[in-house]
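Notes to accompany the following structure.
Quick note: the coordinates plus some simple rules give every number you see, no bench work behind them. Everything numeric in this text was worked out from a predicted model, so none of it was measured. So basically every Cβ, Gly included, is an ideal-geometry build from the backbone, and we count neighbours across all protein chains shown.
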Amino acid sequence: MTYNFKEELVNSFLSIGKSIGAGLATIGLAGAGVGVGVVFGSLVFGLSRNPAEEARLFKYAMLGFALTEAVDY
C-alpha cells in the first residue's frame, strides 16, 4: 500500500477551493437582502405617510422587489 502525498495535497487544495468558491458565491445574497429590506421599508414609510395611496405604492414596491431580485441574481 503506497501513500501518494502529491495526490492528497491536490485533493485538499481542490476541497479548499470549493469551500472558498461557495463562500464567495453567497456574498451576493447579502445585496439582495439589503435591497428587499430597503424596498419594503420604504413601502411601510410611504403607507404611514399616505395610506390612501396603498394600491399604487404596493405596485411600485412589487416592481422594486422584482428589479432588486433580477439585478442581484
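Please verify whether F5 is of a type in the set (F, W, Y) and either closer than 22 Å to A70 by Cα or in contact with a Lys or Arg (Cβ under 8 Å, 6 or more places away or on another chain) (or both), treating the condition exactly as stated. Against the criterion (of a type in the set (F, W, Y) and either closer than 22 Å to A70 by Cα or in contact with a Lys or Arg (Cβ under 8 Å, 6 or more places away or on another chain) (or both)), F5 does not qualify. In the stretch 21-61, the residue that is farthest from V71 (Cα to Cα) out of those that are among the β-branched types (V, I, T) and surrounded by 10 or more Cβ atoms within 10 Å (Cβ to Cβ) is V44.
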